[in-house]
Amino acid sequence: MTTLNINGKSHKIDLPTDTPLLWALRDYVGLTGTKFGCGMSLCGACTIHLDGQPVRSCVTPVSAAVGKVIVTIEAIGQDAIGKKIQEAWLALGVPQCGYCQSGQIMAATALLKQKPEPTDADIDTAMSGNICRCGTYPRIRSAIKQAAGIKEIKP
Amino acid sequence: MNKPIDPIELNTNVGNVDGNIEIANISRRAFIKNMALTGFVLAAGFPSLTKADEIAPPTEKGKYGADGMPNGWVDNPLIFVAIAADGMVTIVCHRSEMGQGVRTSLPMVVADELEADWKQVRVEQAPGNEPRYGNQDTDGSRSMRHFFLPMRRVGAAARTMLESAAAAKWKVPVQDVRAEQHHVLHPATGRKLGYGELAKAAAKLPVPASETLRLKNPADFRYIGKGKTALYDGKDMVTGQAQYGIDIHLKDMLYAVIARPPVFGGKVLNYDAKEALKVKGVISVIELKGSPMPANFNPLGGIAVIASNTWAAIQGRKALKIEWDKGPNGTYDSVTYKTELEAAARKPGKVVRSNGDVDTALQGAAKRVEAEYYIPHLAQAPMEPPAATARIVKGKCEIWSCTQAPQVSRESVAKWLKLAEDDVTIHVTLLGGGFGRKSKPDYVVEAALLSQAMKGKPVKVTWTREDDLQHSYFHTVSIERLEAGLDAQGKAIAWLHRTVAPSISSTFGPDSKHQTPSELGMGAINVPYTIANLRIENPEAEAHTRIGWFRSVYNIPHAFAIQSFVTELAVAAGRDPKDFLLDLIGPPRRINPDTLGDAWNYGESPDLYPVDTGRLRGVIEAAAKESGWGRTLPKGHGLGIAAHYSFVTYVAVVVEVSVDESGKLRIPRIDVAVDCGPQVNPERIRSQIEGACIMGVSLATLGEISFKDGAVMQDNFHNYQLTRMDDAPYEIRVHLLPPTDFNTPLGGVGEPGLPPIAPALCNAIFAATGQRIRQLPIMDQLRKD
Ligand code: FES
Ligand code: FES
């Protein structure tokens, strides 16, 4: 039995500790907002925050999260920056199918926490691990800037 | 074993927001969840809503548009609208939401005609049941095109019933009352009744006949055409509450993954499950029989591992030892196959359209140009891989799945389980993308078969990304060979196009080795060019894998080749590519597609939907103007243009690229002009077009599925790459052509943005570098080492 701190609550997990957090969250805890896209740290759909850092939960074993603070998309709105990001996402109509957006929002929130006024290059670096097959990248970029209060200057 | 999962709490932290989207709906996430788990719950108001036997048979169906689709359309308000005593209006969406915004846009049409206040509307997803709801195949860019009018009539009929109920109550003539924003008013006396108060009485009234309905004057639309309505599921999507097929959780549910034959047509020779069964959490290993070819919607068969969670099932699958018989496609090899396609393209093939005398004209041409273009197989790769959950209780099968084809899923499951269709319920979840992959319910059948094998217990089948990329119904693979003759003035006088690509029809029957009329009608035979001598041929190509629909389908290779070639011809003629393209198209005229050899025309009436070269010219001129075509560009930059008619919509695009000294490609800007007729939800049209631009860039630069020894060589996003943020077009400017005249028939939106992107990109690369790309993907063809 492993105990994990997820979204401010403690959860007992009865799974082998090498189980990726992704599946512990989705299948065991029932937090399905964190998505499966590749299972190989290639798409970012499964991004969560571990002690405030964005990590790919599909390659992070349960054992690596013991004693750490896990925050998922379901609770990121309780964070002031996460909430701003969600609001900007809605205001600009970012989601299409929406499936990748949990991961995008987790990555974007982590970015703004580190760099409150990111440059385009910062956005590229922080967000290029997150694939959106629907192609919402231009709106994601604009929404990050809107959340950061950056006036959009088109080159 | 799993512990039961508590319901997830609704995150209510997202407040109202300012921005360009203004009309937000109340989040109904909790209700969606209930629906997914307990079935169709409807509020009181229209009591007959849940009784399927009271459907009025739709009147007078023709052969075009929705009329020509299986089960056509239904416009009965009792099927689509329910109003509760508290005024909450429930509108049923019968098409699948996969990112196009249909759960917002179609109900919004009903709400507008109904004069419902969007804040008091909730959307209910219809289960698969076409006799009840009309056609549900969410593909072909058809949802709004086919259901705009039926949904307007649904709203208008419900509004009329509410008005009649109020008039009866007040004992005044119905012409003296008026519905407005969730109320019926009697202006003469200032009386007013809410929809909730009227619902019960209204439900008892007869449904007015379609021809008697008074549709709104478009000038009075509140939501239609405005693009200010927030995405119905948006809040759920940004808070992790949205439910996709892969997210379904039922009590005591089991989790399955399947090892499928690596080669299409192969089967299991023998297998050893000993090690798999030792994996903690693995419960059972089950062999699924394959199906004889053709592929159809049948499951591929293989060995399924059933476990207490997905990860255990994946680990169990890794531990399986399986020996496969590769079957007849075991030698399919993309490198060899390409040379076969080329050989076929260099010989005469079946003539599918012929005007004038091409051979003589070519011989007499001052200049001859020829080129061959190649596009490999592609996988749709929706971010949510296919997934389905099934359970069977007392001979009734219930399915939850992300499917574009709810009725086809229902029929397929009924056939495989030998159940009556009425005993199969398909609950449609949100789709994490579809792009044609989820039109094929092979994965839905897998879940049903595994539930059956587990004595009816709920079983969720999850496809991993490897499964998705290796067992898709792939986009075809193609060689397009074009040859043209120019006269001394640089005018095109002869055009010979050979299109060689295995057909999707091979998935459903004996392989004719020829493209079907609809496949050819996707931009190959129906070129509306003013060239006197023109011949289109379709040599044979045999399929060796499951070929299926990929967003915009055969338009992809046809448009890539033709629109690349037009710029190549312009260059050969020493002309500006845009001017040359406009000259080829000629003056504005409305052409009956039949006269272009296209009797299909996306299933639409040739009278209502002629090929309108004026509109095609219009988008080209708009894209050119908005992009500043001809402007001076920095060194290493170039502009490319392409235009294409598909899904009865006209799109032209100008791509700007820069290619630096190392060969690094960037796309600073795309200008895309779209004429899709009336724009019901312009905001979602824009987002669809933006997405199509990026998908077009993705397939042009990176997309390739290739086969060796019969099996797919790519297995995840490291070797089947998709465009990411850093390589995506920086700016996409969508120009929707005015005006929104709701008397014009609607065009499609989801797909037509895609075909012109790859050729415009390659034309831009040519303009920037002088290098002509004829084989996709571009990959590192530009790299200078
Ligand atoms: S699922 Fe973890 S990165 Fe793709
Ligand atoms: S919104 Fe569909 S994958 Fe990003």
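The values are calculated or read from the model by the stated rules, or taken from the named source; none is laboratory data. Keep in mind that this is a model prediction, so the values were computed, not measured. Don't worry about glycine lacking a Cβ; one is built from the backbone with ideal geometry, like all the others, and counts go over all protein chains shown. What goes into the accessible areas is simple: the full protein's heavy atoms, side chains included, and nothing from ligands, DNA or RNA. Shrake-Rupley method; radii C 1.70, N 1.55, O 1.52, S 1.80 Å.
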Sites B:LYS394 and B:ALA219, calculated FRET efficiency, Cβ-Cβ separation with R0 56 Å, nearest 0.05: 0.55
Could you sort B:GLU568, B:GLU130 by accessible area so the largest value comes first, with the probe set to 1.4 Å? B:GLU568, B:GLU130
For the protein assembly as shown, what % of the accessible area comes from carbon and sulfur atoms, probe 1.4 Å? 52
For B:377-384, what's the mean count of beta carbons from other chains sitting within 10 Å of each residue's beta carbon? 5
Given pairs B:LYS119/B:LYS396; A:LYS113/B:LYS438; B:LYS274/B:LYS460; A:LYS9/A:LYS35; B:LYS625/B:LYS784; B:LYS251/B:LYS394 and cut-off 26 Å on Cα-Cα distance, the over-length ones are B:LYS119/B:LYS396; A:LYS113/B:LYS438; B:LYS625/B:LYS784
So with the 1.4 Å probe, I'd like the accessible area per residue for the range A:7-129, rounded to whole Å². 31
Size of electric dipole in chain B: Cβ of Lys, Arg +1 and of Asp, Glu -1, about Cα centre, debye, nearest 20: 1280
From zero outward in steps of 10 Å, how is the percent of C-alpha pairs of the protein assembly as shown spread across the bins? 2, 12, 22, 25, 21, 13, 5, 1, 0
Quote to one decimal, in nm, the extra length available between B:LYS200 and B:ASP67 on full extension: 0.36 nm per residue of separation minus the C-alpha distance between them. 44.6 nm
For B:TYR529, project a label point 7 Å along Cα to C-beta. Then give me every residue of the range B:337-362 with its amide nitrogen under 12 Å of that point. none
Note: B:THR212 to B:GLU370 extended length (0.36 nm per residue) minus current alpha-carbon separation gives 51.0 nm
Using 0.36 nm times the number of residues separating B:GLU323 and B:LYS664, minus their current alpha carbon distance, what extension gain do you get? 118.3 nm
For the range A:76-147, what is the largest minus smallest coordinate of the Cα atoms on each principal axis, given in angstrom and ordered from greatest to least? 27, 26, 17
Amide H neighbours of A:VAL69 under 5 Å, counting only residues 5+ apart in sequence or on other chains, H built in-plane at 1.01 Å? A:ASP51
Among DSSP beta bridges lying fully in the protein assembly as shown, give the percent that are antiparallel, nearest 5. 75
Report, as an integer, the average count of C-beta atoms from other chains found within 10 Å of each Cβ along B:686-699. 4
Assigned charges on the beta-carbon of Lys, Arg, Asp, Glu; the range B:628-785 dipole about Cα centre (debye): 360
Considering only the other residues whose Cβ falls under 13 Å of the Cβ of B:GLU113, what net charge follows from Lys and Arg at +1 and Asp and Glu at -1? 0
Kyte-Doolittle mean at least -1.0 and Cα axial length at least 24 Å: DSSP H helices in chain B: B:143-170, B:555-573, B:682-701
Could you state how much accessible area is buried at the B-A interface, both sides summed, with a 1.4 Å probe, in Å² to the nearest 100? 5700
Can you list, largest first and rounded to whole Å, the semi-axes you get for chain B by taking the square root of 5 times each eigenvalue of its Cα gyration tensor? 43, 36, 23
What is the Cα centroid distance between the range B:258-276 and the range B:478-538, reported in whole angstrom? 41
Describe numerically, in nm with one decimal, the distance between label points set 7 Å from Cα along Cα→Cβ at A:SER63 and at B:ASP252. 3.5
Just to verify a number: FRET efficiency for B:THR516 and B:GLU542, C-beta to C-beta distance, R0 = 22 Å, to 0.05? 0.90
For the range B:494-603, accessible area per residue (1.4 Å probe, heavy atoms of protein chains only), Å²: 27
Of the options A:ALA88, A:GLN146, A:GLN114, report the single residue whose Cα projects farthest towards the positive end of the charge dipole of the range A:76-147 (beta-carbon charges: Lys, Arg +1; Asp, Glu -1). A:ALA88
State the antiparallel share, in %, of DSSP beta bridges confined to chain B, rounding to the nearest 5. 75
Which value, in debye to the nearest 20, gives the size of the charge dipole of the protein assembly as shown about its Cα centre, when Lys and Arg are +1 and Asp and Glu are -1 at the Cβ? 1440
Kindly rank B:725-737, B:197-209 from highest to lowest mean number of other beta carbons found within 10 Å of each residue. B:725-737, B:197-209
Summed over the other residues with a beta carbon less than 14 angstrom from that of B:ARG159, with K and R at +1 and D and E at -1, the charge totals -2
Straight distance only, please: which lysines reach the Cα of B:LYS350 with their own Cα at less than 28 Å, same-chain residues fewer than 8 apart left out? B:LYS338, B:LYS367, B:LYS491, B:LYS513
Virtual spin-label span in nm between A:GLN114 and B:VAL351, 7 Å along Cα→Cβ: 6.5
Beta bridges by DSSP in the range A:2-71, antiparallel share as percent, to the nearest 5: 85
Ordered by number, the residues of the range A:119-143 with at least 10 Å² less accessible area in the assembly than alone (1.4 Å probe) are A:ASP120, A:ASP124, A:MET127, A:SER128, A:ILE131, A:ARG133, A:CYS134, A:GLY135, A:TYR137, A:PRO138, A:ARG139, A:ARG141
Neighbourhood charge, 11 Å Cβ-Cβ cut-off, centred on B:ALA276 and excluding it, Lys, Arg +1 and Asp, Glu -1: +3
As straight-line cross-link partners of B:LYS169, the qualifying lysines (C-alpha separation under 20 Å, not fewer than 8 residues apart within one chain) are B:LYS192, B:LYS200, B:LYS204
B:ASP359 paired with B:VAL335, simple spin-label distance in nm, labels 7 Å along Cα-to-beta-carbon: 3.7
Among rounded, prolate and oblate, which fits the range B:583-722 when a ≥ b ≥ c are the square roots of the eigenvalues of its C-alpha gyration tensor, a/c under 1.5 means rounded, and a/b larger than b/c means prolate? oblate
Per-residue [θ]222 nm for chain B (sum of -39500 (n - 2.57) over DSSP H runs n ≥ 4, rounded to 500): -8000 deg cm²/dmol
Highest to lowest packing among A:61-69, B:651-659, scored as the average C-beta count within 10 Å: B:651-659, A:61-69
If R₀ is 35 angstrom, what is the calculated FRET efficiency for the pair B:MET779 and B:THR744, using the beta carbon separation as r and rounding to 0.05? 0.25
